[in-house]
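One structure below.
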Amino acid sequence: MYILDASAFINEFHTTDRVATVPLVREELEGEAAYRYDAREGAGMHIHIPNEETIDTVRRVARDSGDDSVLSETDVRLLATAFELDATLVTDDYAMQNVADRIEVPVQVIDQEGIEEQRSWIFQCQGCGREFEEEHDRCPICGTGLARKNPS
Ligand SMILES: [Zn+2]
């Protein structure tokens with residue numbers, strides 16, 4: 001099961017697995033994203049209300065990690081929901097990822113920039129310095145090994 005935060009609705013996270021969220025997420029959405037929330041709810045998305053006890057635990061962990069000042073009430077409830085339902089949290093938010101890690105909740109990132117960055121790796125020959133967009137075992141020109149290099 002996946003727990004969806006606002007960015008999952010804004011970026012159209014696709015999955016055939018069961019999904020859940022918290023009511024507060026609906027208030028952060030407008031336009032198409034709000035429509036997608038309603039459509040998912042109509043299709044059986046679980047709307048979860050986490051226990052106060054779990055919410056307190058998440059807050060305590062966030063205080064310890066220094067993330068409490070940047071986590072919203074919605075963020076805390078989403079984390080508590082993922083913990084209670086033993087589910088994977090879908091979020092782009094770094095503070096949420098950090099706290100999720102500490103309470104052993106797996107995270108699925110949907111950041112499109114992250115995907116772009118991986119595609120933009122280039123490979124440079126350690127001998128002649130030529131650069132290639134595809135990985136080769138050896139430089140096709142001089143036969144020396146290639147090293148991966150981030151152009152940015
Ligand atoms: Zn070379």
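The values are calculated or read from the model by the stated rules, or taken from the named source; none is laboratory data. Just so we're clear, the structure is a prediction, and the values are computed from it rather than from any experiment. Every residue, glycine among them, receives a Cβ derived from its backbone with ideal geometry; neighbour counts consider all protein chains shown.
Points to keep in mind about this one:
- Qualifying residue in the range 114-123 (condition: over 30 Å from Arg18 (Cβ atoms), in contact with a Leu (Cβ under 6 Å, 6 or more places away or on another chain) and at pLDDT below 95): yes
- Residue within the range 26-44 that is under 17 Å from Val99 (Cβ atoms) and either not assigned by TED's automatic domain parsing to the domain that holds Tyr94 or not in a loop (DSSP other than H, G, I, E, B) (or both) present: no
- Subset of the range 29-65 [touching a strand residue (DSSP E or B) at 6+ places or on another chain (Cβ under 8 Å) and under 16 Å from Asp75 (Cβ atoms)]: His48
- Taking each residue of the range 122-148 that is more than 10 Å from the ligand (Cβ to nearest atom) and looking for partners that are small (Gly, Ala, Ser) with beta-carbon atoms closer than 9 Å, six or more apart or interchain, yields Phe123/Ala147; Asp137/Gly145.
- Within the range 76-85, the set of residues being out of contact with any Leu (no Cβ under 9 Å at 6 or more places or on another chain) and touching a residue at least 60 places away in the same chain (Cβ under 8 Å) comprises Leu85 only.
- Elements of type helices (runs of 4 or more DSSP H) in the range 48-108, at least 1 residues being within 19 Å of Phe9 (Cα to Cα): 73-84, 94-102
- Residues in the range 1-44 that are within 14 Å of the chain's Cα centre (by Cα) and aliphatic (A, V, I, L, M) were compared, and the one that is surrounded by the most Cβ atoms within 10 Å (Cβ to Cβ) is Ile3.
- Residue in the range 2-15 that is more than 17 Å from Val109 (Cβ to Cβ) and either touching an Asp or Glu at 6+ places or on another chain (Cβ under 9 Å) or not in a loop (DSSP other than H, G, I, E, B) (or both) present: no
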